[in-house]
Amino acid sequence: MKLIEVKDYNEMSQKAAEYIIEKVRNHPRINLGLATGGTPVGTYKILIEDHQKNGTSYQEVTTFNLDEYIGLSGNNPNSYRYFMNEKLFNHLDINKNNTFIPSGVAEDIQTECLRYEQLIAQHGGVDLQILGIGQNGHIGFNEPGTSFESNTHVVDLAPSTIKANARFFDNEEEVPTKAITMGIATIMKSKEILLLVSGESKNDAMHKLWNGEVTESFPASILKNHPYVTIIADQAAVAGLKIHS
Ligand SMILES: N[C@@H]1[C@@H](O)[C@H](O)[C@@H](COP(=O)(O)O)O[C@@H]1O
């Protein structure tokens, strides 16, 4: 894992956006894996600004999102489909038919999991996966204890994740308790991974990731076994970390 340390959230967003823009410019048909949550919002904003100012085109780009809440349709402002449309897709020249997110309202959720997994494979896999990290080390919605062999699957959200994500909802009771997520094996199949980490609340997770062992009780730890991971983390997230050991 390569670690790029930056000052703060804005610098992380800037660096991450530059990283993605370069890839898109060099590989216009890239398959991008995208994440939700607060972390990548600043990055998406800069991608939009760059598209408007410099004309970076997403016409041939395909995207696959990590996860979606079960029970929320794309029209629901709390769904990840809505989030992605608002925060990114609506403002780029991307063909929305090439933006994929698991359906949280599919009649048969198990079939939807299989379909999504196959869809990614049929497109040749994810070239660059953007990731955030949960305070408990979750990636996508793969909570501690998830098998490293898992493909796209249904998860029960950890109480701490429901609490952390309640800030996006009117109240905690409205946060769905289940989600559909790319599995750990799905994520590990990406050719490259860009992990974004910002803020003091992620400091503990960053320490566990950097210094801890690879264990299913800390899902992000699997990234140590991936050949091509870049972490962009800010000072608050890496505070106290011995980077050059
Ligand atoms: N499912 C998402 C993850 O994809 C995200 O990376 C993580 C961190 O969220 P945030 O960036 O808001 O801290 O939690 C959410 O629950």
message: Just to be sure before I move on: is Ile193 buried (at least 19 other Cβ atoms within 10 Å of the Cβ), modelled with pLDDT of 95 or more and part of a strand (DSSP E or B) in the structure I sent?
response: yes
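Listed here are the residues, each with its yes/no results for (1) outside any helix (DSSP H, G or I); (2) modelled with pLDDT of 95 or more; (3) hydrophobic (A, V, I, L, M, F, W, C).
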| site | (1), (2), (3) |
| --- | --- |
| Lys45 | no, yes, no |
| His51 | no, yes, no |
| Gln59 | yes, yes, no |
| Glu68 | yes, yes, no |
| Ser73 | yes, yes, no |
| Glu86 | no, yes, no |
| Asn97 | no, yes, no |
| Ile120 | no, yes, yes |
| Gly124 | yes, yes, no |
- prompt: Taking Ile232 and the conditions (1) touching a Pro at 6+ places or on another chain (Cβ under 6 Å); (2) buried (at least 23 other Cβ atoms within 10 Å of the Cβ), which numbered condition does it fall short on, given that it satisfies the others?
  reply: (1)
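Tell me which residues, restricted to the range 21-37, are touching a residue at least 40 places away in the same chain (Cβ under 8 Å), out of contact with any Gly (no Cβ under 6 Å at 6 or more places or on another chain) and either within 16 Å of the ligand (Cβ to nearest atom) or open to solvent by 50 Å² or more (accessible area, probe 1.4 Å) (or both). Walk me through how you get there before you give the answer.
Of the range 21-37, the ones touching a residue at least 40 places away in the same chain (Cβ under 8 Å) are 23, 27, 30-37.
Still in the running and out of contact with any Gly (no Cβ under 6 Å at 6 or more places or on another chain): 23, 27, 30-34, 36.
His27, Leu32, Gly33, Leu34, Thr36, listed by residue number.
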task: Report, ordered by the first and then the second residue, all pairs with beta carbons closer than 9 Å, sequence separation of six or more or different chains, a first member in the range 123-147 that is touching a residue at least 24 places away in the same chain (Cβ under 8 Å) and under 12 Å from Met188 (Cβ atoms), and a second member that is open to solvent by less than 50 Å² (accessible area, probe 1.4 Å) and charged (D, E, K, R).
output: Val126/Glu192; Gln129/Glu192; Gly140/Asp67; Asn142/Asp67
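Within the range 122-145, track down each residue that is more than 8 Å from the ligand (Cβ to nearest atom) and open to solvent by less than 20 Å² (accessible area, probe 1.4 Å).
Within the range 122-145, the first condition is being more than 8 Å from the ligand (Cβ to nearest atom), and the residues that meet it are 122-130, 136-137, 142-145.
Within the range 122-145, Gly125, Val126, Leu128, Gln129, Ile130, Gly137, Asn142, Glu143 qualify.
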task: Answer yes if at least one residue in the range 152-159 is open to solvent by 50 Å² or more (accessible area, probe 1.4 Å), at pLDDT 95 or above and in a loop (DSSP other than H, G, I, E, B), and no otherwise.
output: no
- prompt: So which residues in the range 25-60 are of a type in the set (Val, Ile, Thr) and over 17 Å from the mean Cα position of the chain (by Cα), if there are any at all?
  reply: Ile48, Thr56
statement: When (1) part of a strand (DSSP E or B); (2) of a type in the set (S, T, N, Q); (3) over 19 Å from the mean Cα position of the chain (by Cα) are applied to Thr63, the one that fails is (3)
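The values are calculated or read from the model by the stated rules, or taken from the named source; none is laboratory data. Bear in mind the structure is a predicted one, so any value in this text is a computation, not a measurement. Every residue, glycine as well, gets a Cβ built from its backbone with ideal geometry; the counts of neighbours run over all protein chains shown. In case anyone asks, the SASA skips ligands and DNA or RNA and just uses the protein heavy atoms, side chains included. Shrake-Rupley method; radii C 1.70, N 1.55, O 1.52, S 1.80 Å.
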